[in-house]
Protein chains: 2
Amino acid sequence: MAGSYIPVPAREARAVRIDAGGRFRVVDVEGGQVVDLFAFSARDVEEYASAEHTRVAIDRLFPRPGQMFWTNHRRPILRFEQDRSPGVHDMLCAACDPSRYAALGVEGWHGSCQENLQLAMGGLGFGPVHTPQPINLFMDVRVEPDGALSWGPAPTAAGDHVILQAEMGCVVVASACPQDLNEINRFNPTPVGIELLGDGG
Amino acid sequence: MAGSYIPVPAREARAVRIDAGGRFRVVDVEGGQVVDLFAFSARDVEEYASAEHTRVAIDRLFPRPGQMFWTNHRRPILRFEQDRSPGVHDMLCAACDPSRYAALGVEGWHGSCQENLQLAMGGLGFGPVHTPQPINLFMDVRVEPDGALSWGPAPTAAGDHVILQAEMGCVVVASACPQDLNEINRFNPTPVGIELLGDGG
């Protein structure tokens, strides 16, 4: 698997199984694109990377490189190994879904990270899964001192990426967020990619 | 139902059905106590108050009085009517659970808000439910500019409370958090209460 590259077309997602110890890169191919990343235990998809458990484990809104993402069973699932991006990421905002686009005035179907997640997991044979709070790579959400949140466009350049390592056998889903009605993807969703790097040995 | 008072003993939880429009008070009886509050749609307990959907709806870490808590289906479920407390609340930290206490060195059983939630919902005839990120009333979690989180004791005095109004028929669970191994409850969990106030008309 090492060296495999899985392109993720704009507005779509791909799922991949990663063995414990396996490392992978998530790449923003053209820049300015948010990636909704999810990780489920391969043995039990009811165990998954959980923002609220990660925050308690590390006392931070988002891990620093070297720290872990933790599951809802309080076990490490992904190690945040390297950050080759401006270092702006979010774990506060829910995955976009049909009700989000309806509220934004969309009539009819609009792709969403929630649907992308379910389709990608279904493609690997998993039935509907809980949609966790995603790891929103490259998403710029700032917290003001009074608790207000402000949003900006993803500050990434073409080729910016993060490297993660699986701490348990897991299924990772990367969704190239199809949000085109606000500036988080600069109103122009673009592709991303998952590159499998082999284990850390 | 109006005027009913439901005592919640220290370290326990109680669940109560609230009709749409019903108002209730959550009281910190002795002060210095965190309440993990959950709200589920009475029609479908897979719809529940969701921190990550609330944040997106209101662009804040926590609602201000007058704002709503939103569900994972992006519908309002509770209106935050009044705050008669220091105004310090959290929606970043997961409910405590057996794995949390195990990680803190507890051997054997320790009560937790997760178990409390399941017991309280079971008492009303609901099977195991998803444990959402709670609305941690009176919990002091501060976000530093670099994303670090710091914790302090609940700053409430005896009798401090909030008033909420149900925006849909719901089941509300209030857990008097049994955390006694850090300072959030001043190392001394104490009782809380739910007072039903009738509708807003």
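The values are calculated or read from the model by the stated rules, or taken from the named source; none is laboratory data. Quantities reported herein were computed from a predicted structural model and do not represent experimental measurements. For neighbour counting, all protein chains shown are included, and Cβ atoms are generated from backbone atoms with ideal geometry for every residue, glycine included. Each accessible area value is taken on the protein alone, full model and side chains, heavy atoms only, with ligands, DNA and RNA left out. Shrake-Rupley method; radii C 1.70, N 1.55, O 1.52, S 1.80 Å.
Worth a mention:
- If R0 equals 22 Å, the separation of the Cβ atoms of A:GLN82 and A:ASP19 corresponds to a calculated FRET efficiency of about 0.70.
- Each residue of segment A:123-135 is assigned a 3J(HN,Hα), and the resulting list reads x, 9, x, 8, x, x, 10, 4, 8, x, 3, x, 8 Hz, derived from the Karplus form 6.51 cos²θ - 1.76 cosθ + 1.60 (θ = phi - 60°), x at Gly and Pro.
- Net charge contributed by nearby residues that have their C-beta within less than 13 Å of B:THR190 (K/R +1, D/E -1): -3
- Cα gyration tensor shape of segment A:99-201, rounded if a/c is under 1.5, else prolate or oblate by comparing a/b with b/c: oblate
- Given chain B, longest segment not containing exposed loop chymotrypsin sites (Phe, Trp or Tyr not before Pro) (DSSP; at most 12 other Cβ within 10 Å): B:1-108
- Global geometry of chain B, whether rounded, prolate or oblate, following the gyration tensor of its Cα atoms and the 1.5 cut on a/c: rounded
- Between B:ARG142 and B:ARG75, the distance separating the two model label sites (each 7 Å from Cα on the Cα→Cβ line) works out to 4.0 nm.
- Modelled FRET efficiency - R0 41 Å, B:TRP109 with A:PHE187, Cβ distances, 0.05 increments: 0.20
- Contact residues in segment A:55-81 by the 40 Å² criterion (accessible area, 1.4 Å probe, full protein complex versus chain alone): A:ARG55, A:VAL56, A:ASP59, A:ARG60, A:LEU61, A:ARG74.
- Relative contact order of chain B, defined on C-alpha pairs under 8 angstrom at six or more residues apart (%): 46 percent
- The GluC sites (Glu not before Pro) of segment B:35-92 that DSSP puts in a loop, and whose beta carbon has at most 14 other beta carbons within 10 Å, are B:GLU46.
- Probe 1.4 Å, protein heavy atoms only - accessible area per residue of the protein assembly as shown in square angstrom: 39 Å²
- Overall, the anisotropy analysis places segment B:43-155 in the oblate class: the square-rooted eigenvalues a ≥ b ≥ c of its C-alpha gyration tensor yield a/c not less than 1.5, with a/b not exceeding b/c.
- Share of carbon and sulfur in the accessible heavy-atom surface of chain A [1.4 Å probe, %]: 50 percent
- Of all chain B residues, the one whose C-beta is nearest the axis that brings B onto A, in angstrom: B:VAL143, 3
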